[in-house]
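The values are calculated or read from the model by the stated rules, or taken from the named source; none is laboratory data. These numbers come from a predicted model, not from an experiment. All Cβ positions, glycine included, derive from the backbone under ideal geometry; neighbour counts span all protein chains shown. With ligands, DNA and RNA removed, areas are computed over all heavy atoms of the protein, side chains included. Shrake-Rupley method; radii C 1.70, N 1.55, O 1.52, S 1.80 Å.
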Amino acid sequence: MTDNPKIEDTPALKASIKDGVSHAVMMGSGETYLGPFGIFLHASTLQVGILASLPQLFGAVMQWAGALNMDRIRSRRRVVIVGAAVQALTLIPMALIPFFLGKGSVPVLYLLALIMIYQAANGAALPVWNSLIGDLVPADIRGRYFGQRNRLTGMSTFIALLIAGVILHVFAKAGIPEWGFLVTFSIAFLARLNSLRWLAKYTDPEFEIMPDQVFTFRQFLRRSPRSNFAKFVFFIGAIKLCVAFSAPYFALYMLRDLKFTYIEFTVVTGVVTITQFLAFRYWGVLSDRFGNKMILNVCGWGVAVVPALWLISHHILYLVVIQIFSGLVWSGFNLASANFLFDAVSPPKRARCVAYQGLVNGIFVIAGSLAGGLVAGHLPPSLSLGPWTWSPTFMLPVIFLISGIMRMIAAGIFLRKFKEVRPVEPIRHRDFIFRISHIRPIAGATFSLMTGLFRDHRESPAVNQGTRARKEHDRQ
């Protein structure tokens, strides 16, 4: 293997990128609008939170069940294909709910049941997919590969989200928004079917788990005080809890309180996606060179600041600006957290660790979402502290402020508890922050966009330094 392998030289990895693009279209035109669809069906504030959290917990339980049965799986590729097919088959029944059941609590319950099936299928396949893709991607190009893959999927999500928003806006203006959801969910359905074609092109290497590589969830918890990976898992879980406290209510705030049209909602939501698209490749380069922990150190605090920024103004231009910042820090956080798992866990244990992390995340997400829903449902019209009284125009931003404070506490407690797991180039935090705040990363990403999405990006000498360190670590 050369020091600079081309991603496109590997058919399975090329298929994975195209599968990722199709999956991203499903996300952008379907899953992104499940919250607005629930609001359209007249879901209450608490029901909006349940729609966003309970299916994720169910999906996490299915991840756990899938990991427990990994040793019985003869074909990992087949499991992933079946999971994707079940996901696709839930989308059309979702879109047909308002045509047969109308709006109200009963249609919302049917939507909840279908989303739970959707997330269960995803949960059952996710640890298997992570195990498979972890075996297929060479360690020395992992950061660059996932940076490129996430960049392309991010752009695909943005385009699909934008088109879906326009479709929903047009049909809402015509007085038939339910037809708009039918069209957008049908696009998501077709995109997921297309991803099945690319999943079938994955290489399916033989997989075997030795008895000494099997450990239970109880053993995972028992080892957590001494396990670097477990400390990382609980950091991510804590952030997920804090995010879930407020995340389901941003759509509710924009569509119900601010009276945004679907176009305005799409613009504010889509800015995050396009920013991630521009930043993913650069984060991948930094991941290979300076490690994932450094990125988590910086972006962990960044994501804590985001929700509080929503209190300053509700003007759409201001929200677009803070969403750009949100997209930047979340793209780094998501890429680094995914890559950290691949670095920290050996391939035979990867599926089980993914499942256990998913279970922890699922429990934390539903706890955070239910807590946020209960608080949101009992907020007073004003808050008083001694002689000072705050009477905001809308009360949901109070939930965002609480979520931000919670995220800061989680970052302060957990970030110091785990460390980088491979040799990387050392750098001070302030120098790293200067790198990511400089304009050249965004300019480089924009230049890449203008010169072709599927261009082969060779590593720079700086990236090769991180690559050599990873190779040396793998040989030890």
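Structure data summary
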item: Arg226 part of a loop (DSSP other than H, G, I, E, B), open to solvent by 50 Å² or more (accessible area, probe 1.4 Å) and more than 20 Å from Phe325 (Cα to Cα); result: yes
item: Flag if Tyr110 is closer than 16 Å to Phe181 by Cβ, aromatic (Phe, Trp, Tyr) and under 22 Å from the mean Cα position of the chain (by Cα); result: no
item: Residues that are among the β-branched types (Val, Ile, Thr), touching a Leu at 6+ places or on another chain (Cβ under 8 Å) and open to solvent by 20 Å² or more (accessible area, probe 1.4 Å), drawn from segment 325-382; result: Ile363, Ile366
item: Residue within segment 133-148 that is assigned to a helix (DSSP H, G or I), within 30 Å of Val375 (Cβ to Cβ) and touching a residue at least 12 places away in the same chain (Cβ under 8 Å) present; result: no
item: Subset of segment 300-323 (residues that are open to solvent by 80 Å² or more (accessible area, probe 1.4 Å) and outside any loop (DSSP other than H, G, I, E, B)); result: Trp301, Leu317, Val321
item: Conditions (1) more than 30 Å from Asp140 (Cα to Cα); (2) crowded, with 23+ Cβ neighbours inside 10 Å; (3) among the aliphatic types (A, V, I, L, M); number of the one not met by Val267; result: (2)
item: Close pairs from segment 412-437: first under 12 Å from Arg289 (Cβ atoms), partner outside any loop (DSSP other than H, G, I, E, B) and acidic (Asp, Glu), Cβ under 7 Å, at least 6 apart; result: Arg422/Asp343; Pro423/Glu472
item: Extreme residue, modelled with the highest pLDDT, among residues of segment 70-94 that are open to solvent by 60 Å² or more (accessible area, probe 1.4 Å) and within 25 Å of Pro347 (Cα to Cα); result: Val82
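Residues checked against (1) outside any helix (DSSP H, G or I); (2) within 20 Å of Val360 (Cα to Cα); (3) open to solvent by 50 Å² or more (accessible area, probe 1.4 Å):
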| position | (1), (2), (3) |
| --- | --- |
| His42 | yes, no, yes |
| Leu46 | no, no, yes |
| Val61 | no, yes, yes |
| Gly66 | no, yes, no |
| Leu111 | no, no, no |
| Leu114 | no, no, no |
| Ala125 | no, yes, no |
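Each row is one residue, and each column tells you yes or no for (1) open to solvent by 20 Å² or more (accessible area, probe 1.4 Å); (2) closer than 28 Å to Val233 by Cα.
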residue	(1), (2)
Tyr145	no, yes
Phe158	yes, no
Ile187	yes, no
Thr216	yes, yes
